[in-house]
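Here is the structure we will look at, set down as structure tokens.
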Amino acid sequence: MGKQALPTERPRERALLVGVELRRTDSILSLDSSLKELALLADTAGLSVVGETRQRLQKPDPKTYVGSGKVREIRALAEETLADVVLFDEELSPRHQRELEKEFDEEVKILDRTALILDVFAQHARTREGALQVELAQYEYRLPRLTRAWTHLARQAGGGAGRTGANGGVGLRGPGETQLEVDKREISRRITHLKGETEKLRAHRGRYRSRRRRSQIPTVALVGYTNAGKSTLLNQLADERVFVADQLFATLDPTTRRVELPGGKAILVTDTVGFIQKLPTTLVAAFQATLEEISESDLLLHVIDITHPDAAAQARSVAETLQDIGADGLPTLTAANKIDALADGVSPMEKGVPISALTGRGMSELLGAIEYELYIVMVPVSVRLPYDQGRLISLFHEHGLVENEQHIDGVVKMEGRVPGRLAWAFQPFGEDPEEPALG
């Protein structure tokens, strides 16, 4: 009797990478580093990279992004490597997508960096909230690009990407309508439905944050480039087991844990989605509810993988994304992570607390720095608070140092100092610089 064959894994699709270096570009990483990152994204998405090619351009070709000669070269290389996917390291416009698809056999898919990131997010969304937000981003990306069946997105979390209607049905085709028109109409309906659902989630998160504020427990958001070690750090701080994997976007859904500081006070630490250069705008918009966890935190803890050769560029990418979501003005503390992997164990960064989230080294120093930022650092504030802002008036008295206070014309003019984590709440009521100082 012959030996029974063991089940095998589904063979990976073969991907050919295409990198373009433009004279004027907003890319933070070099072309070499960006293509390495694209290869990691492809691996995370379940693709096998079989080759790469690159081109330097003054500006993208209006028709096919790369020049016609390069298109012929890519097509020949795809045939030679038996590539199933041609993956561009930029976001292609709908026209670029359509024109490139005409140049290749239907068996070869044309993907760009944005579609790949959306696909990776879809695979890692483990909660209903994450799945809804990814599905919304995917549909908004797909709608203007509907030409072929986007089978590469069929792994949508929750089964959403395979549907064309809000309830999974295609719907009846009207007189004279093409299938493309039907698909566009049904996807538009699905987008409307998903926006409504995500708005409910956003309202729920807002109520949850309001309860946290009333409890007076400060919140710290972990931010950083993907795979910087945020989830590992949360495990160390909270002594719990949050899912960790050595891959891009291993965790997608925010996780919040209670952590005690050296002085006995408690904080809430939230692990948020990792950032990456060229983060799709559709994804940022769809994840607004989740990203508000960052923008409404009392302190940002920026985790940097100091062993990465592009650590400085990655930090700039995170700073740009924080600016995009309006969180760049928040107090920020830097954690220089992975010092255990350095030869001398000393951080090369001038600023930041050197730590190893893996071994626990530097945790006491980090918690002390967090406590200092949240409870000890005081910033000067001069505000005019209307009487209906009783919560802020009480907040000033309870947590700040009031140096001068006057009640004039229905407002309370207050000067003093408040913890840095609370200063943002008073910004809308800042004293008019032309007004005379209190005296």
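Read-outs throughout are calculated quantities, based only on the coordinates presented, and are distinct from any laboratory measurement. Just so we're clear, the structure is a prediction, and the values are computed from it rather than from any experiment. Note that each Cβ is placed from the backbone with ideal geometry, even for glycine, and that neighbours are counted across all protein chains shown.
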Task: DSSP beta bridge pairing in region 13-128, given as percent antiparallel to the nearest 5 - done: 5 percent
TODO: Rank by packing, highest mean first: peptides 127-137, 49-59, 84-94, with packing defined as the count of other Cβ atoms within 10 Å averaged across residues.
DONE: 127-137, 84-94, 49-59
- [ ] Provide the FRET efficiency to the nearest 0.05 for the I376-T281 pair, computing r from the beta carbons and using R0 = 35 Å.
- [x] 0.35
Open item on the list: Sorting check: for 408-421, 310-323, which peptide has the highest mean count of neighbouring beta carbons within 10 Å, and how do the rest follow?
Closed with: 310-323, 408-421
TODO: Work out how much length R54 to D324 would gain on full extension: take 0.36 nm times their residue separation and subtract the Cα-Cα distance, in nm to one decimal.
DONE: 94.3 nm
Open item on the list: So if I place +1 on the C-beta of Lys and Arg and -1 on the C-beta of Asp and Glu, and nothing else carries charge, what would the dipole magnitude of region 299-439 be about its Cα centre? I want it in debye, nearest 20.
Closed with: 380 debye
Open item on the list: What number results when the radius of gyration of region 13-107, computed over Cα atoms, is divided by 2.2 N^0.38 Å?
Closed with: 1.03
Task: Reach of K109 by Cα under 27 Å, taken over lysines that are not fewer than 8 positions away in the same chain - done: K36, K59, K63, K70, K184, K278
